[in-house]
Each structure stands twice: as structure tokens, then as C-alpha cells.
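Worksheet for the structure shown next.
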Amino acid sequence: MRAAAIILSLACTEAWASPRHHHDRKLVLRKSGGEESLAAGVARAAALVDAKQLDEAEALLLELRARDARRADLPPELRRGFAHLFEARADENEDDAGPCDALAALAADAEDWEAVYDACRQAMARGGATDRRRALALRARRSTWRGLEEDDGDAKDTKDAAELVEAGAVPPFSALSLGVSGEGCARRGRLNLEEAIAAAKTTSSDKRAPRRAGGRRRENEAPDKPSVAFLTPDATGAHPLSQLLPSALCALDETEFRNIVLVTLCADDGSPERRRVEKGCDVVVDGETATTEEIANAIRDLNVDVLVDMCGHAGSSDVVEIIARRPAR
């Protein structure tokens, strides 16, 4: 996720705009004595968490994150604040795996693999051993040697890696270091390529079209400027990208772009993070129920000049299929 803001600046512009003025902010970060420091804001959020005012604490932490639009990574104080919040969310509902997934993602961003492993284990206990959780737990095990003291621990990791490569949850190249055969990795890599090529040639007639939702209110129009779109399958409250992307979007100078478009492949979870991402865009293309062909056509219909892949090599095959259609001009 640290690459998100770098990708934005390289793909689009080096101009930085003044902060957007939204009228529906829940909390104000300015007091009579001036702007509240990050440490003081995080401390205030921690107090709200301790008082069980979790929604208010979450809004405050998100505002603190949005204040420093140029920083690509989460400051350590803010990471600890979000971790404290997600721990409280996890305690609030012991059946909800979402906060555990969020804790795992935060820990992975900080490369704290012990914490990643523990959070993944909790998420799997609550919500099942999805391929994504298994893949992250596997990486944590190999980074900390957790579980390798068990009988046949190394062999188990190799077996898990082979299954996850076959399912497309672990990149084939990465699996080579886990003892997966080169033949198995090459087979998965060829399959990924064939699926992307086939998707680019398909003539699917699925009638489910992407939904377009209005985003922020633009103060300045730029009809002669390029249009830029950001493509992601991870615009949900549980994913770190939704905490980082809004700040980067707000940093874009709206006078330099005709349109700023968000293209999502996931369900709208109604989270505050998702709302903040949408507020940074002029148009939101919700492609959860659409085919890759329909999503590519929606991007093309918007006359997008630059399409930014927010996933890189970690993305889903749907992202590859959409980009393979070359929908941007």
C-alpha cells in the first residue's frame, strides 16, 4: 500500500491542491489555539476508544490520516491508533473477522509478522480459512518461523503454498521459495496469462452494467485537462488502501484533471473509508456485479486518458483482464 501515493504522483501530476472543504465532517481538528498535533489527536482517539465511542474514534483517526496528504505510509502513532480501534472492534463482536483482517493488514504494513500471524489465526477462527488469510498467514509463518517447530511444519507450508498457487492466492514466482515445484508455478503462470488473453478477446453479453455514483463536489472545472481513473478491487473499510487512497486523491489538484474516477470491483460495504474514497472522485464506477468487458466499456465511455492499476502484481485476474482491453486513451 505504500506504493499507492507514489503511483498517483508519477502517473498523474506533481501538483498538490489545498485540502478539500467537506461540510459533513463529524469532528473538527482545529481548536482555538491552532491545529491539534498528531500525537494529541491519536491520544484523544484512544480516549474515545476506551470510552466505547468507537465510531467517533474512527472518524477522528480518518481525519488525522487525511490531514497529511503527502505522506504515503501510516505514521507509527496513527498505526497504533488504528490498531487500538480495531482491537476494540474485535472485542466488541467476537464473531466479526473484519477487525482481525484489518489488524493483519496493519501489521503487514509495519512488517510485524508475529502480529500478522496472530491476527490471521483469529480471523480464520472467526470467519474461516479463506485463501487470502491462508496466504498471509503462510507468509507470516515463513517470516517468523512460527509453526516450523511442529512436526512436518515445513512440509505443511509447502503443501499449503502449492494449494494457494493453484487457487491463484499466491503469486507463482513467490511460491518458488516455498518449495513449490517449478512446474506447478509455471503452469499457474501460463494459466493466468491465458485467462487474461481470453478475457481480452471475449464477447460476453452479460447485461449487468456497472453502477455510476456521484462523488465529490468540484469547485473548479477543467474541460481541457486529462481524465484519470484508479482501478482497485480493494475499496473496502477492512483494506489499508481505503485508508491511504483518500489522502492521495485529495492531494490531486482538481484544476489539472477533467475527471477523477474510481473504478471498484468489490461490494460497497458502506464503511466510512469507502465514503471518503468516493468523496475524492468525480465519478465512481461500481463494477461488483459487472463483467470485465462491461467495466472496460464504462471506463472507455468516460473518455479516461490515464488508468492507474492500484494493485500491481498483487491484483486479481479481473484487474489484468480489464487493463488488457486497453480502455484508457
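Readers should treat all values here as calculations from the given coordinates under stated rules, not as data from a laboratory. Fair warning: this is a prediction, and the values are worked out from it, not measured in the lab. Note that we place each Cβ from the backbone using ideal geometry, even for glycine, and neighbour counts take in every protein chain shown.
Counting Lys and Arg as +1 and Asp and Glu as -1 over every other residue whose Cβ lies under 14 Å from the Cβ of Arg329, the net charge comes to +3.
Each peptide among 263-269, 189-195 gets the average number of other Cβ atoms lying within 10 Å of its residues, and from highest to lowest they stand as 263-269, 189-195.
The separation of the range 88-143 from the range 235-280, counted between C-alpha centres, amounts to 24 Å. Most tightly packed first, judged by the mean number of other beta-carbon atoms within 10 Å of their residues, the peptides 296-307, 43-54 read 296-307, 43-54.
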